[in-house]
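First up is the structure itself, then whatever we jot down about it.
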Protein chains: 2
Amino acid sequence: MARKIGSNGEKTAAELRAAAQRLFARHGYAAVSMRQIASEVGVQVGALYLYIADKQALLFELMDAHMTALSDALEAEPSLGDDPSARLERFVRFHLRWHLERTDAVFISYMELRNLEPQNFAKIEARRREYEDILGGILRDGVAQGVFHLADTRLGVFGIIALLNGVNTWFRAGRRLSLEGVTAIYLDMVRAAVGQKPAAQPSPD
Amino acid sequence: MARKIGSNGEKTAAELRAAAQRLFARHGYAAVSMRQIASEVGVQVGALYLYIADKQALLFELMDAHMTALSDALEAEPSLGDDPSARLERFVRFHLRWHLERTDAVFISYMELRNLEPQNFAKIEARRREYEDILGGILRDGVAQGVFHLADTRLGVFGIIALLNGVNTWFRAGRRLSLEGVTAIYLDMVRAAVGQKPAAQPSPD
DNA sequence: GTCTATATTACGATAGAC
DNA sequence: GTCTATCGTAATATAGAC
């Protein structure tokens with residue numbers, strides 16, 4: 001399509017979201033001004049409002065896109081049949097890889113919940129519960145089949161999610177541990193925490 | 001000492017910190033104005049500056065007081081000798097109880113780190129590392145004595161702290177689970193995660 | 001599509017009266 | 001010890017020129 005020279009609509013829209021994500025993650029939503037974002041994008045502040053209704057909508061769009069992409073990505077993972085151990089391993093591997101590749105979006109999704117207006121907050125929370133309930137299903141099946149030993153699967157979900165998300169607070173690529181190394185260690189901790197017998201786990205890869 | 005009627009210095013100072021802690025936890029440091037705090041305290045904004053140098057100092061004082069109280073409280077716990085299992089149990093029980101009784105201060109101490117100026121940030125981080133290294137010592141001793149089986153004690157510390165801190169995101173007193181009920185379940189998960197043999201643990205209380 | 005300019009409101013912090 | 005009033009700055013968002 002013909003576009004005016006110097007007109008950069010789609011590019012500006014993308015850069016706006018990228019800059020906002022970076023700045024919100026670094027300094028926090030409330031501490032970042034629209035002027036700062038505009039400066040990062042390389043336009044004046046007025047130009048931003050061609051692409052967003054207001055600052056709140058910008059935050060919500062970022063978080064909503066993140067949660068949607070998360071659910072979509074998990075659904076796109078190949079299924080591993082009925083074996084709870086295999087499904088748990090798949091979940092842990094997916095969760096760690098996916099979250100460690102998106103540190104800014106993940107950080108925002110956990111830190112900025114309180115800056116969402118009530119309706120927006122409810123939508124994001126619903127998406128998160130959906131995602132976490134997939135893990136819940138794995139744990140419940142595992143307990144029912146006797147391969148996991150867990151006093152409370154609901155707390156098991158909370159515990160595992162918290163354990164895994166904690167990695168984002170300290171992991172930096174290129175240090176002592178690779179993603180694979182971290183994943184192996186955390187897999188051991190998760191399997192142990194759900195009371196999976198070491199004998200029941202498949203040969204390590 | 002004689003104090004002018006209507007003069008409320010110490011009370012105002014305490015209420016200022018209490019209000020700031022409550023509001024910072026609810027809405028975030030950057031989103032809370034000094035005017036809001038003053039309104040909660042029941043004074044005009046100018047009066048606040050009798051008790052704090054500026055807003056940043058107020059945040060730092062809250063976080064510093066929190067971390068100092070945390071270290072002091074852990075040190076005041078009775079020692080349990082050399083047995084790593086007993087020390088781990090003591091740590092978990094202390095950490096959960098202490099953190100669940102101070103949800104606002106805990107929330108601030110994890111969420112507002114990025115709003116600290118560099119010097120203040122360094123001080124708070126040093127205090128946190130000190131505290132977490134106490135758990136590190138327990139894990140290292142346990143591994144050395146063969147009662148824990150953990151591939152990486154440093155990641156063990158990160159994992160356990162994240163697991164335990166996650167409780168603050170969902171626990172509410174007076175619901176289905178009591179503090180004691182939660183603690184028992186989390187103790188099981190922690191013991192399992194560090195690879196402690198169930199046979200090695202003392203009789204349940 | 002972006003700019004400049006601006007309306008409106010709010011911020012942190014201080015000065016001086018009481 | 002607290003109040004009122006204010007300084008100087010910056011916020012979000014919009015209007016209209018180009």
Item to complete: For every other residue with a beta carbon closer than 13 angstrom to the beta carbon of A:A65, add +1 if it is Lys or Arg and -1 if Asp or Glu, then tell me the sum.
Response: 0
Worksheet item: Nearest 20 debye, what's the magnitude of the dipole of the range A:55-193 about its Cα centre given +1 on Lys and Arg Cβ and -1 on Asp and Glu Cβ?
Response: 460 debye
Item to complete: Along Cα-to-Cβ, 7 Å out, sits the label point; list in nm, shortest first, how far the one on A:S178 is from those in the other copies.
Response: 5.0
Response to the item:
Cα extents of the range A:55-193 along the principal axes, largest first, in whole Å, come to 48, 36, 27
Worksheet, complete the sentence: One decimal, nm, nearest first: from A:A126 to the same residue in each other copy, label points 7 Å out along Cα→Cβ, the values are 4.9
Worksheet item: If you build a Gaussian network model of chain B, linking Cα atoms that sit under 10 Å apart, which residue out of B:R87, B:R172, B:R127 swings the most?
Response: B:R172
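Pairs A:K197/B:K197; A:K55/B:K55; A:K11/A:K123: which are spaced more than 19 Å apart, C-alpha to C-alpha? Don't skip to the answer; put the middle values down first.
On the way: A:K197/B:K197 11 Å; A:K55/B:K55 24 Å; A:K11/A:K123 28 Å.
Listed pairs above 19 Å: A:K55/B:K55; A:K11/A:K123.
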Worksheet item: What do you get for Rg/Rh over the protein assembly as shown if you use C-alpha atoms and the Kirkwood form of Rh?
Response: 1.00
Item to complete: Write down the radius of gyration of the range A:141-192 and its Dmax, each obtained from C-alpha positions, in Å.
Response: 13.3, 40
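Could you give the alpha-carbon Rg of the range A:115-164 over 2.2 N^0.38 Å, rounded to two decimals?
1.38
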Fill in: Rg(Cα) / (2.2 N^0.38 Å) computed for the range B:1-133, rounded to two decimals
1.24
Fill in: Sequence-separation-based contact order of chain B, relative, with Cα cut under 8 Å and 6+ spacing, percent
21 percent
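Kirkwood hydrodynamic radius, computed over distinct alpha-carbon pairs, for the range A:1-53: how many Å, to one decimal? Let's see the in-between values first.
Numbers: mean 1/r = 0.0867 Å⁻¹.
Answer for the range A:1-53: a Kirkwood hydrodynamic radius of 11.5 Å.
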Item to complete: Please work out the Cα center distance from the range A:75-125 to the range A:15-41, rounded to the nearest Å.
Response: 23 Å
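At R0 = 41 Å, how high is the FRET efficiency between A:A57 and B:D72 if r is their beta carbon distance? Nearest 0.05 is fine.
Working: r = 45 Å, r/R0 = 1.11.
So, using R0 = 41 Å, E works out to roughly 0.35.
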Item to complete: Would you mind listing the distances between the B:A69 label point and the same position in each other copy? Use 7 Å along Cα-to-C-beta, nm, one decimal, shortest first.
Response: 4.0
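Where does chain B land at 222 nm, in deg cm²/dmol rounded to the nearest 500, when only DSSP H runs of n ≥ 4 count, each adding -39500 (n - 2.57), divided by all residues? Before the final figure, lay out each step's value.
On the way: 10 runs with 138 residues, N = 205.
That calculation yields -21500 deg cm²/dmol at 222 nm.
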Practice prompt. Arrange the following residues from fewest to most other Cβ atoms within 10 Å of their Cβ: A:L80, B:L100, B:L139.
Written response: A:L80, B:L100, B:L139
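FYI, it's all coordinate maths here, none of it is from the lab. Note that the structure is a prediction, hence the values are computed from the model and not measured. Cβ coordinates were reconstructed from backbone atoms using ideal geometry, including for glycine residues, and neighbour counts include every protein chain displayed.
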